[in-house]
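*Asks:* For reference, the structure I am asking about is given below.
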Amino acid sequence: MSINGNFFISKLAAQIGKVWRQATQDIPSGLPIVAIASMAATGLLLGVRHLGGLQPLELTAWDLMVRLRPDEGSDPRLLVVAITEQDIQAQKLWPLSDRTLAQLLTALERYQPQAIGLDIHRSIPKEPGHQELVASFQSPKLIAVTSMGNTIDEKVPPPPSVPEDRIGFSDLVLDPDGTVRRNLMYANTGEAVLTSFSLRLALAYLAGEGIEPQLTPTNEIQFNKTAFAKLKDTSGGYQTIDASGYQVMLNYRSARNVARQVTLTQILTGKIEPNWVKDKIVLIGVTAPTIKDLFFTPYSGTARGNRQMAGVLIHAQMVSQILSAVKDERPLFWFWPEWGEVLWIATWAVVGGVAAWRIHRAFILVLVGTALLAVLFGIAMLLFMEGGWIPLATPAIALIITGTSVGAYQLQQAIRQQQMVMKLLGQQTSPEIATALWHHRDRLLESGLLPGQKLTATLLMTDIKGFSTIAEQYPPEVVMSWLNEYLAAMTPLVQTHQGVVNKFTGDGLLAVFGVPVSATNPAEIAQDAHQAVSCAMAMGDRLEELNRDWQSRSLPVVQMRVGIFTGPVMVGSLGGKERLEYGVIGDSVNIAARLESCEKDRQASICRVLIAKETLIHLQEQFQVESWGSLALKGKERLVDVYRVVGLKKG
């Protein structure tokens, strides 16, 4: 049984409020953006859709769903007598003579079919055998064809000897792309209401079983409980078609096997089984490609060359559709009302906007968007299998447009925010820490803190020897300017060596190598240690340049001390929501500070660099060092093996 379209819409509408609240409960700030983008995309698409701009895409989607449905195989109530290229060659004549057609009809009559449909125009005699054909046309089982044509000049009259109630028009309705997707059952020419060839055959078969058509109060054709709803010009994906007459969507049964096929030669030579014909509807028509009675169908887009279908086979599809709907309860196509389609399109526009607002990573958003499109297609395909044709291309485009628009807005806002935040953070901390804070902004905004992280890093602590005396001898403004020159010269050296200046300690600084991205293997830890020691040596060289400049300006000339230690630390937010800093804590920090201040009087160079064994083991003998032995550092109970870095080892 088919799913009722209005019931589905009602269920959908009942859930929209709940789905909306669940989907947007965490994005109150994004609701206006999502709403604006969704309404704009929906309005734009509805306008384009109304003008027919999306009809080709919807028809392409229709064709795809037709091809994806399971093939239902041949209809056992039908037989097609195909006039092939081989038959025409055997007869050595086209059009076939009246005698040949009379022989064909007489042969079929012997097998007692329910109805015979001759899909060959025969308004002009083709001797020999015209009188024989006229006699064959008197059979009450024969249905002949006429053609309305597009103009009066194109009209093809029926055979004059066939009564009007056994004449059906064979004209097929083509969509703008030339594809047959509709079944025109009745046509009003202004002078009369004509019945289609396929409907005439179906009526003849059903009449044999005592089933007669009736009109519903809405003037729809009904057989028993099966009503054929008239197609409107806006049904499903249509917007710009001529829906005049009585049209329904053609529900194709099979791409190649709608009915058993035999050839003209087989009938004339008696090489068929009688039960293939008895009580069946027999359709006679041309399948030879040279006669060009071929039409594009939804199956024409397949890669296996199923390019066009013969007209007689399309009529067989139509006959089978009518019989299957009445006798087998095979679903006829139904459509949502206009308001239901608008709601459907708007819903997917909102879904795309919400997904883009909540997902910040482009790769994940693409995956989710692909999954949503798959869900959309799955719903459309499920309903299609039950006879429902709902918009597919339009809501898919709505989802993509809204998702892209909201995603682009978020990206633009994120870039602006990042530029602003990085500028502000960059004034307080290093660019690396500022970047780490930005990457963790969601968690930071949620809890106000960056989560703590344990890692192995190399700490570098500096200090100026005799700074207290300098501060006492010079005015504060001179000391401040001079100290800023010093720190401004040292800070870039840390950054150049991939370190992070964590804080300034008055006349020194604390630099960390190995944060905010933690080292994951010994090689990376060793690289951090090497960078820290190289940075300390570069600081010594830079201080010599500064001293020469300061001496020329009568400013203090100084020496500096550096302590370096490699070990475990905890990094993360310190403080409260009102004031935070990126903290680095642990005993490793204390040891680096104690190394810097260890035995202050022992300074043989402008920049004394002391390291512990924990750092030395990572240097791979790349630096020349001098052992100071195991020393008791202030505040430490255990002895620490201390080394002074003399310089790089010469090759």
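*Asks:* Please give the length that would be gained between THR218 and ALA604 if that part of the chain were fully extended, namely 0.36 nm times their separation in residues minus their C-alpha to C-alpha distance (nm, one decimal).
*Replies:* Here the answer is 128.2 nm.
*Asks:* Give me the one-decimal Kirkwood hydrodynamic radius in Å for the range 53-195, with the sum taken over alpha-carbon pairs.
*Replies:* Its Kirkwood hydrodynamic radius stands at 17.9 Å.
*Asks:* Also: Output the peptides 46-55, 31-40 sorted from most to least packed, where packing is the average of other Cβ atoms within 10 Å over each peptide's residues.
*Replies:* 31-40, 46-55
*Asks:* If you rank TRP334, TRP339, TRP482 by fewest surrounding Cβ atoms within 10 Å, what's the result?
*Replies:* Ordered from fewest to most neighbouring Cβ atoms within 10 Å, TRP334, TRP339, TRP482 come out as TRP339, TRP482, TRP334.
*Asks:* Further, regarding this structure: Where does the longest stretch of the chain lie that holds no GluC sites (Glu not before Pro) found in a DSSP loop with 16 or fewer other Cβ atoms within 10 Å?
*Replies:* Between exposed loop sites, the widest span is 387-577.
*Asks:* OK, next. Determine the relative contact order of the chain: mean sequence separation of Cα pairs under 8 Å and six or more apart, normalised by residue count, in whole percent.
*Replies:* Working: 1070 pairs, mean separation 86.4, N = 651.
Here the relative contact order equals 13 percent.
*Asks:* When a/c is below 1.5 the answer is rounded, else prolate if a/b is larger than b/c, else oblate, so apply that to the range 550-639 with a ≥ b ≥ c taken from the square roots of the Cα gyration tensor eigenvalues.
*Replies:* Judged from the Cα gyration tensor, the range 550-639 comes out oblate (a/c at least 1.5, b/c at or above a/b).
*Asks:* Let me ask something additional. Describe numerically, in nm with one decimal, the distance between label points set 7 Å from Cα along Cα→Cβ at MET480 and at VAL557.
*Replies:* About 2.8 nm separates the two model spin labels.
*Asks:* Continuing with this model, one more query. Over the range 482-622, what is the percentage of antiparallel beta bridges among all DSSP beta bridges, to the nearest 5?
*Replies:* So the antiparallel bridges amount to about 70 percent of the total.
*Asks:* Order of MET537, MET148 from fewest to most other C-beta atoms within 10 Å? Spell out each step's value before the answer.
*Replies:* Details: MET537 19, MET148 16.
Ascending Cβ contact count within 10 Å gives the list MET148, MET537.
*Asks:* Still on this model: Determine the alpha carbon to alpha carbon distance for each of LYS465/LYS636; LYS155/LYS278; LYS613/LYS649 and list only those over 29 Å.
*Replies:* The answer is LYS155/LYS278.
*Asks:* Hey, what number do you get for the chain at 222 nm if only DSSP H runs of n ≥ 4 count, each worth -39500 (n - 2.57), divided across all residues, to the nearest 500? Present the calculation step by step, with values, prior to reporting the outcome.
*Replies:* Numbers: 19 runs with 286 residues, N = 651.
-14500 deg cm²/dmol, from helical runs alone.
*Asks:* Taking a 31 Å limit on the Cα-Cα distance, which of the listed pairs LYS225/LYS280; LYS141/LYS230; LYS503/LYS650 fall beyond it?
*Replies:* Details: LYS225/LYS280 24 Å; LYS141/LYS230 28 Å; LYS503/LYS650 34 Å.
Going by Cα-Cα distance, LYS503/LYS650 fall outside the 31 Å limit.
*Asks:* Based on the alpha carbon coordinates of the range 140-181, what radius of gyration and maximum Cα-Cα distance (Dmax) apply, in Å?
*Replies:* 12.6, 38
*Asks:* Could you list the residues of the range 384-413 with an amide nitrogen less than 14 Å from a label point located 7 Å from the Cα of ILE36 in the Cα-to-C-beta direction?
*Replies:* Within reach of a label on ILE36: 405-413.
*Asks:* Please work out the Kirkwood hydrodynamic radius for the range 436-648, using every pair of different C-alpha atoms, and report it in angstroms with one decimal place.
*Replies:* 18.0
*Asks:* Also: log₁₀ I(q)/I(0) of the chain at q = 0.05, 0.07 Å⁻¹, via Debye over equal Cα point scatterers, no solvent, to two decimals?
*Replies:* Each listed q maps to, in turn, -0.50, -0.65.
*Asks:* OK, next. Distance from the Cα centre of the range 242-295 to that of the range 301-366, in angstrom?
*Replies:* Between the Cα centres of the range 242-295 and the range 301-366 lies a distance of 27 Å.
*Asks:* For the pair GLN412/LYS92, report the inter-label distance in nm, with labels modelled 7 Å from Cα in the Cβ direction.
*Replies:* According to this spin-label approximation, the distance is 7.8 nm.
*Asks:* Can you order the peptides 358-371, 255-268 by their average number of other Cβ atoms within 10 Å per residue, highest first? It would help to have the intermediate numbers written out before the result.
*Replies:* On the way: 358-371: 13.5, 255-268: 18.6.
Top to bottom by mean Cβ count within 10 Å: 255-268, 358-371.
*Asks:* Setting aside same-chain residues fewer than 8 positions from LYS327, which aspartates and glutamates have a Cα under 17 Å from its Cα?
*Replies:* Filter leaves GLU72, ASP75, GLU209, GLU212, ASP279, GLU386.
*Asks:* Which whole-number percent gives the relative contact order of the range 305-424, counting Cα pairs below 8 Å spaced six or more residues apart?
*Replies:* 33
*Asks:* Run through the DSSP bridge list for the chain and note the antiparallel percent, rounded to the nearest 5.
*Replies:* 65
*Asks:* May I pose another question? Taking 0.36 nm per residue of sequence separation and subtracting the Cα-Cα distance, how much length would be gained by fully extending the chain between GLU329 and GLN112, in nm to one decimal?
*Replies:* Using 0.36 nm per residue and subtracting the Cα-Cα distance, I get 75.4 nm.
*Asks:* Which of the trypsin sites (Lys or Arg not before Pro) found in the range 516-615 are loop residues per DSSP with 15 or fewer other Cβ atoms within 10 Å of their Cβ?
*Replies:* ARG553, LYS577, LYS600, ARG602
*Asks:* Now a separate question. From the backbone phi of the range 78-95, what are the Karplus-calculated ³J(HN,Hα) couplings (6.51 cos²θ - 1.76 cosθ + 1.60, θ = phi - 60°) in whole Hz, Gly and Pro given as x?
*Replies:* Karplus values, whole Hz, x for Gly and Pro: 10, 9, 10, 9, 8, 8, 9, 4, 5, 5, 5, 5, 5, 7, 6, 7, 8, x.
*Asks:* Also: What FRET efficiency do you get for GLU637 and ILE585 if R0 is 22 Å and r is their Cβ-Cβ distance, rounded to the nearest 0.05?
*Replies:* Approximately 0.70, to the nearest 0.05.
*Asks:* Find how much the distance from THR269 to ALA489 grows on full extension, using 0.36 nm per residue of separation minus their present alpha carbon separation; answer in nm with one decimal.
*Replies:* 68.6 nm is the gain from fully extending THR269 to ALA489.
*Asks:* Which angle between 0 and 90 degrees, to the nearest 10, do you get for helix 362-385 versus the longest principal axis of the chain when only C-alpha atoms count?
*Replies:* Result, in degrees: 20.
*Asks:* Here is a follow-up. For all pairs of alpha-carbon atoms in the range 67-327, what percent lies in each bin of width 10 Å, listed from the first bin to the last filled one?
*Replies:* 7, 30, 38, 21, 4, 0
*Asks:* For helix 522-552, report the angle its Cα long axis makes with the longest principal axis of the Cα atoms of the chain; keep it between 0 and 90° and round to the nearest 10°.
*Replies:* Roughly 50 degrees, rounded to the nearest 10.
*Asks:* Less than 15 Å apart at the alpha-carbon level, and either on another chain or at least 8 residues along: which aspartates and glutamates does that give for LYS232?
*Replies:* Excluding near neighbours in sequence, the set is ASP175, GLU220, ASP242, GLU338, GLU341.
*Asks:* Right, another one. Which order do VAL512, VAL501 fall in if you start with the one that has the fewest other Cβ atoms within 10 Å?
*Replies:* Ranking VAL512, VAL501 by Cβ neighbours within 10 Å, fewest first, gives VAL501, VAL512.
*Asks:* Compute the long axis of helix 31-50 from its Cα atoms, compare it with the longest principal axis of the Cα atoms of the chain, and write down the angle in degrees, 0 to 90, nearest 10.
*Replies:* Here the helix axis deviates by roughly 30 degrees.
No value in this document is a laboratory result; all are computed from the given coordinates. The shown structure was predicted, so the numbers you read here are calculated from the model rather than taken from an experiment. Cβ sites come from the backbone with ideal geometry, for glycine too, and all protein chains shown count toward neighbours.
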